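The values are calculated or read from the model by the stated rules, or taken from the named source; none is laboratory data. Everything quoted here is computed from the prediction, not taken from an experiment. Note that each Cβ is placed from the backbone with ideal geometry, even for glycine, and that neighbours are counted across all protein chains shown. For accessibility, only protein heavy atoms count, side chains too; no ligands or nucleic acids. Shrake-Rupley method; radii C 1.70, N 1.55, O 1.52, S 1.80 Å.
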Amino acid sequence: MTEAELAKRVAVVPIRAQTAATTPAITQSTSRQKKTLRKGNVIITGASSGLGLATAKAIGESGEWHVIMACRDFLKAEKAAKSVGIPKENYTVMHLDLASLESVRQFVDTFRRSGRPLDALVCNAAVYLPTAKEPIFTADGFELSVGTNHLGHFLLSRLLLDDLKQSDHPQKRLIIVGSITGNTNTLAGNVPPKANLGDLRGLSGGLNSLNCSPMIDGGQFDGAKAYKDSKVCNMLTMQEFHRRFHEETGIAFASLYPSCIAETGLFRNHIPLFRALFPPFQKYITKGYVSEAEAEAEAGKRLAQVVRDPNLGKSGVYWSWNSTSSSFENQLSKEASDAEKARKLWEVSEKLVGLA
Ligand code: NDP
Ligand code: PMR
């Protein structure tokens, strides 16, 4: 793309009246009023399916944001964007494989070379391997669930923090998707195996099964637990970002549980019986789920709210929604809000991804 083309694409000025009507924070603050009236730019990881795609659609169809779909399967993402009807001028697919630190660094380079400012980053992608008997590993030798869901996102968000800092957008945000199943203060979080990071001895050893356990707490491999542990890491990381950088940068850091979406690709590796029973179980028993399309669209709108709604701009919050779809600041479990563990997790993760 030439500079001129890029300038044209980036400098799209959303219709003033529309901006004023939907984002009161912009009109209320004079200092902010002087700021951005350009199109916002948001990176969403794992936007090729499920929640990420629904969020890309919710944000991309507004015309006020350009969505960078950061995906490992370029063609799948391109087809997905078309299938949900995101206007082509409102999105770009860029390659990102979170299971490779080299790919994360390359993605950041490619994004920077695009010349776009960065206003919001959504760490959404995840893998869940509940039936795996043996661990599998990322390119750098980390157990895949924690390596992808936590360490890949940790490096990505640490590197892109500088880009977010430079944004003049009134709503600059970094969102890391969490989950109820990582929170042991809930019924869902008490279904075994429960999340537990222990003293991080496995993580400190590199999660590589060579001279240490592939599990963060140093225990036996369990794919379902590894996923839940990774979600605890996501929620702790968000809070540590908040403590370290919110005041200095004005960036809002947040996490959320977007609701149960019982038929996304997340469950592709689960046993067939689970995939058959989980949707009706969630629909009739927990009542946390309606239908695939509705649940996905609703969850996408919720995540989109956390990205751009001025009312959800508070930093350090784990958002949830009640049965009437109103957002509220939810309580995290003891472990998922342990500041000392968050600090240690940050330091160990920095070493593993080569930042310290
Ligand atoms: P999906 O499997 O539909 O989406 C996951 C996305 O992550 C896919 O786009 C997938 O890419 C991508 N991904 C996986 N591995 C990598 C990788 N190495 N590099 C880049 N992208 C990758 O699941 P959901 O939409 O359900 O999950 C999205 C988020 O929502 C996750 O963080 C999950 O923890 C969270 N969540 C989901 C809930 C649910 O009920 N479904 C409940 C609570 C939280 P590809 O398309 O190529 O496979
Ligand atoms: Mg569940 C209100 C209760 C509730 C909610 C909101 C969820 C969400 N789950 C609830 C309860 C229960 N689950 C109960 C009582 C059981 C035992 C029968 C149960 C079982 C269960 C299994 C086996 N639940 C699961 C699994 C999975 O494999 C899913 C998982 O843990 O993925 C990590 C899962 C989930 N339950 C949820 C949600 C949102 C999930 C999956 C998504 C996630 O956390 O990312």
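Against the condition of a type in the set (Ser, Thr, Tyr) and closer than 30 Å to GLY313 by Cβ, how does SER209 come out, does it pass?
On the way: of a type in the set (Ser, Thr, Tyr): yes; closer than 30 Å to GLY313 by Cβ: no.
Spelling it out, it is not the case that SER209 is of a type in the set (Ser, Thr, Tyr) and closer than 30 Å to GLY313 by Cβ.
In region 248-256, is there at least one residue being part of a helix (DSSP H, G or I) and not polar (S, T, N, Q)? Yes, region 248-256 has at least one match.
Can you find a residue that is within 14 Å of ligand 1 (Cβ to nearest atom), among the aliphatic types (A, V, I, L, M), open to solvent by 10 Å² or more (accessible area, probe 1.4 Å) and over 30 Å from ARG38 (Cα atoms) anywhere in region 203-217? No: region 203-217 contains no residue that is within 14 Å of ligand 1 (Cβ to nearest atom), among the aliphatic types (A, V, I, L, M), open to solvent by 10 Å² or more (accessible area, probe 1.4 Å) and over 30 Å from ARG38 (Cα atoms). If only residues of region 88-116 that are part of a loop (DSSP other than H, G, I, E, B) and open to solvent by less than 40 Å² (accessible area, probe 1.4 Å) are counted, the one that is nearest to MET235 (Cα to Cα) is LEU98.
When we screen ALA120, ALA125 for residues that are aliphatic (A, V, I, L, M) and open to solvent by less than 10 Å² (accessible area, probe 1.4 Å), the only hit is ALA120. Taking first residues from region 72-90 that are within 13 Å of ligand 1 (Cβ to nearest atom) and partners that are aromatic (Phe, Trp, Tyr), the Cβ contacts under 7 Å between residues at least 6 apart in sequence or on separate chains come to ALA81/TYR91.
Residues of region 245-291 that are open to solvent by 50 Å² or more (accessible area, probe 1.4 Å), in contact (Cβ under 8 Å) with a residue 12 or more places away in the chain and away from ligand 2 (no atom under 13 Å from the Cβ): HIS246 alone. Scan region 174-193 for residues that are crowded, with 21+ Cβ neighbours inside 10 Å and assigned to a loop (DSSP other than H, G, I, E, B) and the total you get is 3.
Pairs are defined by a Cβ separation below 6 Å, a sequence spacing of at least 6 or placement on different chains, a first member in region 97-111 that is farther than 13 Å from THR45 by Cα, and a second member that is assigned to a helix (DSSP H, G or I) and more than 16 Å from ligand 2 (Cβ to nearest atom); the pairs so defined are LEU101/LEU155. Being surrounded by fewer than 24 Cβ atoms within 10 Å (Cβ to Cβ) and more than 14 Å from ligand 1 (Cβ to nearest atom) is a description that applies to PRO135.
Could you tell me whether region 214-233 includes any residue that is modelled with pLDDT of 95 or more, hydroxyl-bearing (Ser, Thr, Tyr) and over 16 Å from LEU129 (Cβ atoms)?
Scanning region 214-233 turns up no residue that is modelled with pLDDT of 95 or more, hydroxyl-bearing (Ser, Thr, Tyr) and over 16 Å from LEU129 (Cβ atoms).
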